[in-house]
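The values are calculated or read from the model by the stated rules, or taken from the named source; none is laboratory data. Predicted model, so just to flag it, every value in this text is computed and none were measured. So basically every Cβ, Gly included, is an ideal-geometry build from the backbone, and we count neighbours across all protein chains shown.
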């Protein structure tokens, strides 16, 4: 059995980058021509000129709340559909299903095999053609069940649609059908195994799992391994499909072959230095739902080097928190984008972090700034910019480069809420 899903996983990084960037102009042009939302967002953009990451980084980032708002604004309008103008297909044969994620945000499903590109992650978790998969992701409202089922079918597996809940029935089905593995949330797999032990029912064939949808700490991974289940993570969203997946090396997550991934400073569209924590921004090559520079709101960072398994795609550390650090100070909302706007006014600023401290009703705000310059009056000028941008007063502390932690935080809420 091949270690790899296909030859794309082991091509040279240079070939992968060239292939992705070669497909980018056509995808942008397609979005401009067939997606009313991107026709507006990318108005005036010369798609043929977007052939590099630097050119891509000059395009605006569309964040999830903007997509949701666009959908909200158009719901109930005849002929608009529920997708806010982002989808390029309408209801009918080209769109067999529509899903709803919390928000709600509506997502289309197209007709291409493995529409969400999950087969690669399922293969990396050890599943192979001809096996039975017990799929415990939900099959109603959200797309998770379909995402995994269509991926398993593309891999050549048969699927038992277990869905969520009914723990005793799940155990009974596993005992009688003898699936090769489980797909679902890691917490529900733990519940199933505990119930099987309580009932005295052995599940000897359940030896592998692909888990997603929630945190998967090493302690739970080890707990499952002690019970004979090797579980691996997939990082995917309902908007984008697969973004990255874990391999048997267990060193970060390998990026999928069908996405262009950037990591940007929260609140901006500016790429960070390699290794620095920032927000994951994804461009998909899905022509039915061509999301260009879509901000996930999730924090991560690039890992140096390549996966020991031989896969050559970039690796990320996995989910490291949320990028939307908006907070309320003295009754006013302060956004990461405002911190970025202050920093952009001063080329001397290398990195900035706003710290909100104090107790309820006694907020204190300080901008911690990494800079190599200590010119007299710089702190005062930055303080003036803080007030101009946020309409709030804030102290300024000038720090030497490397003083601030690499955790992706642009706004730190250090207040006491006792």
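For region 347-413, give me every one of the strands (runs of 3 or more DSSP E) that falls completely inside it and has 2 or more residues that are out of contact with any strand residue (DSSP E or B) (no Cβ under 9 Å at 6 or more places or on another chain).
No strands (runs of 3 or more DSSP E) qualify here.
Any residue at all in region 215-232 that is in a strand (DSSP E or B), in contact (Cβ under 8 Å) with a residue 40 or more places away in the chain and crowded, with 21+ Cβ neighbours inside 10 Å?
Scanning region 215-232, I find at least one residue that is in a strand (DSSP E or B), in contact (Cβ under 8 Å) with a residue 40 or more places away in the chain and crowded, with 21+ Cβ neighbours inside 10 Å, so the answer is yes.
Whether any residue in region 183-190 is outside any helix (DSSP H, G or I), at positive phi, crowded, with 17+ Cβ neighbours inside 10 Å and within 26 Å of the chain's Cα centre (by Cα) is what I want to check.
yes
Does residue 209 satisfy the condition of being touching a strand residue (DSSP E or B) at 6+ places or on another chain (Cβ under 9 Å), crowded, with 21+ Cβ neighbours inside 10 Å, assigned to a strand (DSSP E or B) and in contact (Cβ under 8 Å) with a residue 60 or more places away in the chain?
Yes: the conditions hold for residue 209.
Within region 114-136, which residues are within 16 Å of residue 174 (Cβ to Cβ) and buried (at least 23 other Cβ atoms within 10 Å of the Cβ)?
Those that are within 16 Å of residue 174 (Cβ to Cβ) and buried (at least 23 other Cβ atoms within 10 Å of the Cβ): 127, 133, 134, 135, 136.
Just one of 321, 331, 358, 402 is within 20 Å of residue 263 (Cα to Cα), modelled with pLDDT under 90 and outside the structural domain of residue 276 (by TED's automatic domain parsing); which is it?
On inspection, the qualifying residue turns out to be 321.
Where the second residue is buried (at least 19 other Cβ atoms within 10 Å of the Cβ) and modelled with pLDDT of 95 or more and the first is within 26 Å of residue 85 (Cβ to Cβ) and not assigned by TED's automatic domain parsing to the domain that holds residue 159 and lies in region 105-129, which pairs have Cβ atoms under 9 Å and are six or more apart or on separate chains?
Note: no pairs meet the criteria.
Yes/no per residue for (1) surrounded by fewer than 14 Cβ atoms within 10 Å (Cβ to Cβ); (2) more than 20 Å from residue 279 (Cα to Cα); (3) in contact with a helix residue (DSSP H, G or I) (Cβ under 8 Å, 6 or more places away or on another chain); (4) at pLDDT below 90:
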residue	(1), (2), (3), (4)
354	no, no, yes, no
373	yes, yes, no, yes
386	no, yes, yes, no
395	no, yes, yes, no
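Look at residue 266 and say whether it is within 24 Å of residue 410 (Cα to Cα) and in contact with a helix residue (DSSP H, G or I) (Cβ under 6 Å, 6 or more places away or on another chain). Break it down stepwise before answering.
Working: within 24 Å of residue 410 (Cα to Cα): yes; in contact with a helix residue (DSSP H, G or I) (Cβ under 6 Å, 6 or more places away or on another chain): yes.
Yes.
Of the numbered conditions (1) under 18 Å from residue 267 (Cα atoms); (2) more than 15 Å from the chain's Cα centre (by Cα), residue 293 fails exactly one; give the number of that condition.
It fails just one condition, (2).
Output the helices (runs of 4 or more DSSP H) that fall wholly within region 9-97 and possess 3 or more residues being at negative phi, without any contact (Cβ under 8 Å) to a residue 12 or more places away in the chain and in the same structural domain as residue 307 (by TED's automatic domain parsing), or say none.
13-34, 64-74
Can you report the number of residues in region 137-146 which are in contact with a helix residue (DSSP H, G or I) (Cβ under 8 Å, 6 or more places away or on another chain) and either at pLDDT 95 or above or buried (at least 23 other Cβ atoms within 10 Å of the Cβ) (or both)?
Qualifying residue count, region 137-146: 1.
Do we have any residue at all in region 73-81 that's in contact with a helix residue (DSSP H, G or I) (Cβ under 8 Å, 6 or more places away or on another chain), within 14 Å of residue 291 (Cα to Cα) and surrounded by 17 or more Cβ atoms within 10 Å (Cβ to Cβ)?
Initial filter on region 73-81 (in contact with a helix residue (DSSP H, G or I) (Cβ under 8 Å, 6 or more places away or on another chain)): 80-81.
After this cut, where a residue has to be within 14 Å of residue 291 (Cα to Cα) as well, the list is none.
No.
Filter region 191-204 down to the residues that are buried (at least 17 other Cβ atoms within 10 Å of the Cβ) and not in a helix (DSSP H, G or I) and list them by number.
203
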